[in-house]
1. Just one of 50, 61 is assigned to a helix (DSSP H, G or I), over 13 Å from the mean Cα position of the chain (by Cα) and either at pLDDT 80 or above or on the phi > 0 side of the Ramachandran plot (or both); which is it?
2. Restrict the check to the stretch 30-47 and report whether at least one residue is surrounded by fewer than 16 Cβ atoms within 10 Å (Cβ to Cβ), modelled with pLDDT of 80 or more and under 18 Å from the mean Cα position of the chain (by Cα).
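The values are calculated or read from the model by the stated rules, or taken from the named source; none is laboratory data. The model shown is predicted, which means the values in this text are computed figures rather than measured ones. No Cβ is skipped: glycine too gets one built from the backbone with ideal geometry, and neighbour counts run over all protein chains shown.
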């Protein structure tokens, strides 16, 4: 395998997980925005907003982790 393909294979799982986390975050935010105004927040709405924030953090974390793995792999391989 070429080095570029090996790096992509290492990065792809993190990228895909990040994409699914981003989609989940967008769904939660969309669900939250459609149902409630800011001044009408209930415990259920705060729960959904919290889950959306966790999903966004997971998205960013997985994408950063994937980039770090690729950089470390590229440096290790030379």
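1. 50
2. No, there is no match, as no residue in the stretch 30-47 is surrounded by fewer than 16 Cβ atoms within 10 Å (Cβ to Cβ), modelled with pLDDT of 80 or more and under 18 Å from the mean Cα position of the chain (by Cα).
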